[in-house]
Structure formats: C-alpha cells, structure tokens
Amino acid sequence: MSTTSAARVSGLLIPLFSMASSRSWGIGEISDLVPMSTWMRQAGQAALIMLPVSAMAEGQHSPYSALSAMALDPIYVSLADVEEFAALGGEAALDEAMRRDLAVARAAPTVDYDRVRKLKRRALELAYARFLDAEWRRQSTRARTFAAWAAGQDWWLGDYALFRALHARFARPWLRWDEPLRSRDARAIADARHEHADEIRLHQYVQWIAESQWRRAHRATGLALFGDLPFMVSGDSADVWSRQDEFDLDASVGVPSDAFSEDGQDWGLPPYRWDTVAATDYAWLRQRARRHAAIYDGYRVDHLVGFYRTFIRPPDEEPYFSPAEEPDQIALGERLLSIFAGEGARVIAEDLGTVPDFVRESLARLGVPGYKVLRWEREWKEPGQPFRDPAAYPPASVATTGTHDTETLAEWWEGADAEEREAVGRIPALARRGVDWGTAAFTPAVRDALLEVLLACGSDLVLLPVQDVFGWRDRINVPATIGDDNWTWRLPWLVDTLGDQPEAAERAHWLRGACLRHGRVVDGVPR
C-alpha cells in the first residue's frame with residue numbers, strides 16, 4: 001500500500017475558519033476557498049490542508065471535538081450562495097438586530113463563533129422555510145434532487161439529523177436523554193423520526209446545501225484539498241450515540257507526557273473498544289474513510305499513533321495502552337491504514353509526539369508519508385544533536401515548519417538559544433550562506449532562508465503554515481489550554497482582497513520562485 005505521489009508539490013496549512021471574505025459572515029466559508037485558491041495558485045501552491053470542518057456543538061470552538069464525524073459544520077455555509085436565502089432578499093431578510101450582529105461579526109478581528117452560529121442558524125431556518133413552500137410542497141425538480149441526495153447519504157445522514165433534532169429537544173448531552181431514546185429503542189427511534197420529521201429534514205437540507213457548495217468550490221479551486229481525520233470524536237456525538245457498544249464511555253483518551261505537556265493530556269473523549277470494533281469489520285471507520293475520500297483529495301490522519309495503540313485513562317486507575325502488545329499494535333495500525341487508504345484518497349500520517357520507532361518503521365513499509373518538522377528533525381542521540389539535512393528527507397514524507405499546535409517559526413527562532421540556532425545553521429544549505437546564525441535575528445532574510453531549506457528538501461510534499469510564510473506570530477491553538485484565542489485566528493486581510501495587498505503579492509512571487517527553483521510543480525497536479 002502506498003499513498004505517495006510522484007509529483008513534488010508545495011501547499012499551505014490554512015484553517016477554513018481563518019479565510020473570511022467580504023461576502024462571508026465573520027468566518028471563512030466554503031465559497032471563500034475559491035478566492036483563497038486564486039492567490040495560492042499565483043504563489044505556485046498546489047495543495048491546501050485545512051483543519052477538520054465537522055459539525056461542532058453549540059458553544060464549541062475546537063474542530064477536534066464534533067457532533068459528527070461525517071457532517072459538515074453549517075457555520076461554514078455561504079449564505080450569499082443559498083438559492084432560497086437569495087430569493088428572500090438575502091441579508092435584507094434579516095431583522096435590524098441581526099443585521100447589527102452581522103456587522104459586528106464581520107468587523108471582529110477574530111472569529112466570534114457564538115454570534116456567527118446564531119446568525120447562520122436563523123438564516124438557514126428562513127431559507128429552509130422558503131424551500132418547503134417553494135420546492136418541497138410542490139415536489140419540484142429541486143426538491144426531488146434534494147430527496148435523492150438525502151436517500152443516498154442516509155448511511156450517515158439519518159442518524160445525524162435525528163441526533164440533531166433530539167439534541168435540540170432535550171438541550172443536553174445524549175447520556176442525559178430520556179429512556180428509551182438514550183438507549184436507541186427501535187420503537188422509540190421510529191416514533192421520534194415521525195415526530196421530528198420536519199426538523200430532521202431541516203438538518204438534511206442544511207447538509208445538502210453545505211455539500212453542494214463544497215463540491216462547487218472544490219472544482220473551482222484547482223487545488224488538491226486535504227482535510228484532517230481526527231483520531232476520536234466527542235462522546236456527545238451522533239456517532240457515539242449510534243454505536244454505543246463500540247466506545248468505552250467510562251474512560252477517556254489522552255497521551256503520555258510529550259513536548260506539549262509534561263504531565264500528558266486527558267482529552268475527555270471516549271476510547272474505542274477495539275475488540276467490538278473489529279467484530280464489525282471496522283464498519284464505522286470504513287464509513288469515515290469513505291466520507292473523507294468523498295470530500296477531500298487526501299487527508300491527514302491525526303494522532304496516528306493512537307490507531308496503533310490508544311492511551312486510555314480509566315477513572316481512578318493507571319493509564320494503559322490498548323492493544324497492550326507491540327505485535328497487536330502493529331497489526332491494528334496497519335489494518336486501519338489500509339482501510340483509510342482503500343477509498344482512494346491520499347493519506348498522510350501525523351506521527352508527532354511520543355511515537356515508538358516501530359510505528360515509523362511501519363509507515364515506511366506501507367509507503368505512508370509521515371511528518372518532518374524542521375525543528376524536531378535532529379540526531380538526538382549524537383553529540384550536539386545535529387539537525388538532519390532536509391535534502392535527505394525521504395520522498396515519502398511531509399516537510400513542514402510546524403503544525404497548528406506548535407509555536408510559529410518566528411516564535412521558535414526567537415525562543416531558541418544561540419547553540420540551537422548555530423546547530424540549525426550547520427544544515428549544509430544554510431552553512432553556505434555565511435551567516436552568523438547564532439546571533440541572527442528573525443528577519444525576512446532568515447525567514448526565507450529557513451523556508452527555502454524546506455522547499456528544497458527531499459520530501460515530495462511540503463506543507464507550510466501560512467503564518468510561517470509571512471513570518472507572523474499568531475497561534476491557531478495552544479495545546480492543553482482553553483481560551484478565547486484558540487481556533488479563532490483570521491487572516492489580516494479578506495481573501496478576496498489579497499490581490500490588492502503588497503505583502504501578499506510579494507509572498508506569492510517569492511513562493512512561486514522558490515518552488516520553481518527546487519523542482520516543485522507550480523501549475524497544478526492531477527487530483
């Protein structure tokens with residue numbers, strides 16, 4: 001099994017929520033992928049990798065804790081492109097208070113999730129009411145198209161839409177719902193589908209709109225779009241509710257101590273019961289792979305090591321790995337990777353943190369690209385811990401300056417001591433520049449030298465956080481912390497104005513030139 005590509009390409013990491021336009025409602029939207037891609041193609045970039053865009057719960061900001069592993073978050077729907085909303089007059093259909101809230105959301109420097117979600121929920125309800133009157137009750141061609149789509153997606157959409165309807169009814173997590181809905185009694189489920197048919201159809205309609213917009217935008221970008229498959233889902237999700245026996249609801253997933261947390265992390269998410277999951281022939285994970293392959297050209301498998309061995313924290317007991325033995329861990333990880341790759345999307349592995357050697361050996365055997373983060377690629381057991389030469393990175397790897405969880409390139413350089421900077425400067429391509437790296441400040445020249453080392457590296461795929469391309473210090477997320485700054489960062493410019501920004505134009509010119517210098521395809525590659 002190999003998920004590598006013969007083409008040498010470069011791409012950027014930009015969360016969808018970060019790329020707002022003048023048309024969007026204070027957050028990057030699906031249709032904003034198109035103007036974002038215009039600038040990226042000018043910059044010679046062939047791929048865009050995003051964070052998960054799965055449906056999040058009310059009040060939730062983290063894309064790694066979602067109500068569904070399958071549904072797109074309605075917060076990303078572009079209302080300007082919803083046919084029914086436009087027929088109502090568009091933003092003129094909003095009352096005065098909503099228009100004021102929309103102006104506030106648009107003017108905010110960061111994403112105001114609660115305000116945006118409330119606005120979009122109301123606007124989508126108005127659009128749906130119009131759809132019922134103008135299309136559904138007449139059983140128009142548009143209504144029949146929707147019905148056919150919903151029927152084809154029922155394998156995930158049916159439980160998701162019912163879950164959302166019941167979530168609204170009870171206004172609390174499913175573990176606190178009334179019996180027998182909590183335990184999914186067949187008669188109670190059938191009655192609920194009948195009782196809440198209209199709201200179920202609302203959630204189906206919103207997903208139809210979201211996916212239709214996604215497919216149009218995807219075709220128009222000319223880029224390979226990469227997503228992110230989170231290792232786990234929220235316990236309060238449609239997936240766990242519909243497959244309760246496949247998850248251990250009395251324990252939680254986490255990680256041992258690593259570079260992000262001295263004491264390890266407890267994510268509060270229910271771990272898989274691997275024996276039960278295996279007895280289904282991994283049906284739900286196969287569905288996740290199918291769904292991701294239908295939306296993306298490729299995706300990153302988040303916390304890859306967890307699919308080999310899950311770090312489980314039971315209450316009042318010592319944490320443990322499941323499976324417990326290395327041969328079983330290898331067999332599980334390789335089985336799951338074959339499932340993920342089997343649907344046709346390109347798979348890359350987030351193999352960072354505390355990862356045993358046998359996992360990376362397994363990835364190499366399978367031809368699955370793992371990550372090469374410049375600052376961590378060192379010979380840790382050798383004197384002086386020299387940096388590995390990026391020119392020697394294997395083609396089947398993903399080179400980067402950092403991830404959404406790391407400090408930015410600027411922050412790392414400014415926080416590094418002279419010894420570490422000097423070690424970086426001994427990388428052959430940097431050593432030839434004749435710079436005193438130990439005392440070098442983070443200037444545009446230093447930034448570009450570090451970026452060029454990666455663009456010249458041996459990895460077929462380079463994915464650069466957009467902050468590092470510009471030398472910004474803005475963080476997307478600080479792991480093991482909860483705060484208003486996490487997951488809310490927006491680009492400093494609206495994406496449909498990037499062509500008017502001198503700094504953006506300079507960065508595009510430089511990136512394209514660097515890609516050309518180092519044999520990276522700059523005019524698109526086959527998806």
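The values are calculated or read from the model by the stated rules, or taken from the named source; none is laboratory data. All figures in this text were calculated on a predicted structure; none of them were measured in a lab. When we count neighbours, we look across all protein chains shown, and the Cβ atoms used for this are built from the backbone with ideal geometry, even at glycine.
Report yes if ARG23 is surrounded by fewer than 24 Cβ atoms within 10 Å (Cβ to Cβ) and assigned to a loop (DSSP other than H, G, I, E, B), otherwise no. Yes; evaluated as a whole, the condition is true for this residue. Restricting GLY483, GLY519, GLY499 to those that are in contact (Cβ under 8 Å) with a residue 40 or more places away in the chain and either out of contact with any helix residue (DSSP H, G or I) (no Cβ under 9 Å at 6 or more places or on another chain) or outside any helix (DSSP H, G or I) (or both) reduces the list to GLY519. Among the residues of region 254-281, which ones are touching a helix residue (DSSP H, G or I) at 6+ places or on another chain (Cβ under 7 Å) and hydrophobic (A, V, I, L, M, F, W, C)? Within region 254-281, TRP274, VAL277 qualify.
Only residues that are among the hydroxyl-bearing types (Ser, Thr, Tyr) and outside any loop (DSSP other than H, G, I, E, B): list them for region 249-264, please. Within region 249-264, SER252, SER261 qualify. Within region 239-263, if we keep just the residues that are hydroxyl-bearing (Ser, Thr, Tyr) and farther than 16 Å from TYR282 by Cα, the residue that is modelled with the lowest pLDDT turns out to be SER261. Determine, yes or no, whether ALA80 is on the phi < 0 side of the Ramachandran plot, buried (at least 22 other Cβ atoms within 10 Å of the Cβ) and either more than 15 Å from the chain's Cα centre (by Cα) or among the hydroxyl-bearing types (Ser, Thr, Tyr) (or both). Taking the combined requirement at face value, the residue does not satisfy it. Identification of helices (runs of 4 or more DSSP H) wholly contained in region 133-197 with 1 or more residues that are within 29 Å of the chain's Cα centre (by Cα) and without any contact (Cβ under 8 Å) to a residue 40 or more places away in the chain yields 141-152, 154-170. When the residues of region 224-238 are filtered to those that are touching a strand residue (DSSP E or B) at 6+ places or on another chain (Cβ under 7 Å), modelled with pLDDT of 95 or more and aliphatic (A, V, I, L, M), the one that is nearest to ASP405 (Cα to Cα) is LEU229. When the residues of region 434-450 are narrowed to those that are surrounded by fewer than 17 Cβ atoms within 10 Å (Cβ to Cβ) and at pLDDT 95 or above, which ends up farthest from PRO383 (Cα to Cα)? Result: PRO444.
Taken together, the residues in region 85-103 that are touching a residue at least 24 places away in the same chain (Cβ under 8 Å) and touching an Asp or Glu at 6+ places or on another chain (Cβ under 8 Å) amount to 1. Looking at region 304-418, the strands (runs of 3 or more DSSP E) lying wholly inside it that each contain 2 or more residues that are at pLDDT 95 or above, surrounded by fewer than 21 Cβ atoms within 10 Å (Cβ to Cβ) and touching a helix residue (DSSP H, G or I) at 6+ places or on another chain (Cβ under 8 Å) sit at 320-322.
Taking region 265-303, which residues are outside any helix (DSSP H, G or I) and without any contact (Cβ under 8 Å) to a residue 12 or more places away in the chain? Answer for region 265-303, where residues must be outside any helix (DSSP H, G or I) and without any contact (Cβ under 8 Å) to a residue 12 or more places away in the chain: just ASP281. Within the option set ALA69, ALA86, ALA105, ALA97, being assigned to a loop (DSSP other than H, G, I, E, B) and over 30 Å from VAL521 (Cβ atoms) holds for one residue only, ALA69.
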